[in-house]
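**Student:** For reference, the structure I am asking about is given below.
Every number here is computed from the coordinates shown, using simple stated rules; none is lab data. Computed from a prediction, not measured in an experiment: that's the story for all the values here. FYI the Cβ positions are ideal-geometry reconstructions off the backbone, even for glycines, and counts take in every protein chain you see.
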Amino acid sequence: MRPAPILIALAACLTLPACGLQPLYAGGVQGAAGQVLGSVDVAPIPGRAGWLVSNELRDRVSVGQAQAGSARYRLDVRLDDELEGLGLLGDDTIGRERRTLRARYQLVDTATGTIVLDATAGSDVGIDVVSSEYAVIAAEQTALERLAGEVADRVVTRLALLGRDGE
């Protein structure tokens, strides 16, 4: 084995710390991202999808969170939940559906009422339509639960980036 490739790989590994990459959640609850997430109060979101998304958001921002009402920020979310038929079979029935969940969210400074962040997040999933109505309804509900988690993850990641990048 030649030592040159090993030395090149070792040199590349040594230069990685100089690239400026750092963990998003460095410092845990006391870090910049943790401080922002811990100071967010999630406003109620109407509907079943809203209930699912708000629970997912609260689960993700609640670590080290201040009591409700004393939070520095309020997160306002509006959802668009859409279910549409896609695959049309030979007997004119739908064979596949797509469920889409989109969220427009605003992070509002509770002291001044100014909007600190105005953004969107969304995701979609495909659902097979089978002969059992119960199975289709269960698949649609499971898809909504999964989408709620994915949308919440995207929102929280964006909020954490806000904390890391500064306000």
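**Student:** Which of the residues belonging to the stretch 111-141 are more than 17 Å from Ile45 (Cβ to Cβ) and either surrounded by 14 or more Cβ atoms within 10 Å (Cβ to Cβ) or of a type in the set (D, E, K, R) (or both)?
**Tutor:** Val116, Asp124, Val125, Ile127, Asp128, Val129, Glu133, Val136, Ala139, Glu140
**Student:** Here's another thing I want to ask about it. Does Arg102 satisfy being touching a Gly at 6+ places or on another chain (Cβ under 8 Å) and surrounded by 15 or more Cβ atoms within 10 Å (Cβ to Cβ)?
**Tutor:** In short, yes.
**Student:** Restricted to the stretch 96-151, and to residues that are in a loop (DSSP other than H, G, I, E, B) and without any contact (Cβ under 8 Å) to a residue 12 or more places away in the chain, which residue is farthest from Arg60 (Cα to Cα)?
**Tutor:** Looking at residues that are in a loop (DSSP other than H, G, I, E, B) and without any contact (Cβ under 8 Å) to a residue 12 or more places away in the chain, I get Ser131.
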